[in-house]
1. Let me know the shape class of the chain, please: from the alpha-carbon gyration tensor, a ≥ b ≥ c as square roots of the eigenvalues, rounded when a/c is under 1.5, otherwise prolate if a/b is greater than b/c, or oblate.
2. Tell me which lysines have Cα within less than 17 Å of Lys82's Cα, excluding those fewer than 8 residues away on the same chain?
3. What are the chymotrypsin sites (Phe, Trp or Tyr not before Pro) within the range 133-215 that DSSP puts in a loop, where the Cβ has at most 14 other Cβ atoms within 10 Å?
4. Applying 1/(1 + (r/R0)^6) with R0 = 41 Å to the Cβ-Cβ distance of Asp41 and Ala232, what FRET efficiency is obtained, to the nearest 0.05?
5. At a Cα cut-off below 22 Å, give the lysines reachable from Lys35, other chains included and same-chain residues fewer than 8 away excluded.
6. Can you tell me the relative contact order of the range 115-192? Whole percent, Cα pairs under 8 Å, sequence separation 6 or more.
7. Pairs of Cα atoms under 8 Å, at least six residues apart: use those to get the relative contact order of the chain, whole percent.
8. Within the chain, what is the longest stretch that has no trypsin sites (Lys or Arg not before Pro) placed in a DSSP loop and near at most 14 other beta-carbon atoms within 10 Å?
Amino acid sequence: MERIDEASPRLKARIAGVFYLMVFLTAVPFFAGAKLVVSADAAATATNILAQEALYRFGWASNLIATACYIVVTALFYELFKPVNRSVSLTAAFFSLVGCGLGALSGVFQLAPLALLGGARYLNVFNPEQLQALALLFLKLQAQAYNIGLVFFGCYCLLIGYLIFRSTFLPRILGILMVIAGVGWLTFLSPPLATYLSPYILAPGILGEGSLTLWLLAIGVNAQRWNEQAGAAGNGDPRAVPLRATT
């Protein structure tokens, strides 16, 4: 955290963009692994998992990597946006970390079917149909934990969108797009609604968070305006000295 605090705002933004991009890239194998689940057929789900165990494990690992990357993004965004409003930035970080925690918990549920279907001797007290049903039950719990995490990420996107809109060092349109992304993720408050709107509900999130990611990678932030806003906020950063406005 000390190294993060000492980095320039533009470098923080670029690093955040790199880790945000990693979140997008790791989503591909995660959703590929999720395709193995047949929601109404425990036997078919078990067959798919055992037949493509490597893909399933890769999907689990990608979820873990994505969670770790998002924690880094959260820390960097807190540092970037606290000159705008420290309390809102801290609240946003809280929502994100809770979402990351739920994402990690969903990974535990995702591993459970491998243990149940692995053929361990102590599981012989259950018949195959019972083990398959338990495996599917854990996968449904995994999906619920993941969806609840998306609600917290929706709150996070709303707050980050607000901070971007109030900032002077990023385009306001990015803030508007992040708010729209947050509203999209909040539809997971009602799983039937989210299911009905799927896969179209992914579009606002991809547009908002994707646009922000590309901007951070390509341009970063306006360092002069960031320093001006940090100085005006009086956040105690020795580098955050207000710069004289140029005419």
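1. Since a/c reaches 1.5 and a/b is larger than b/c, the shape of the chain is classed as prolate.
2. Output for Lys82: Lys12.
3. Passing sites in the range 133-215 are Tyr200.
4. Rounded to the nearest 0.05, the efficiency is 0.10.
5. Lys140
6. Relative contact order for the range 115-192 comes out at 28 percent.
7. Numbers: 357 pairs, mean separation 53.4, N = 247.
Worked out over the chain, it gives 22 percent.
8. For trypsin sites (Lys or Arg not before Pro) (loop position, at most 14 other Cβ atoms within 10 Å), the longest site-free span of the chain is 36-238.
Since every read-out is calculated from the coordinates, none of them should be taken as a lab result. Just so you know, these numbers come straight off a predicted model, no measurement behind them. Glycine gets a Cβ as well: all are built from the backbone with ideal geometry, and neighbour counts include every protein chain shown.
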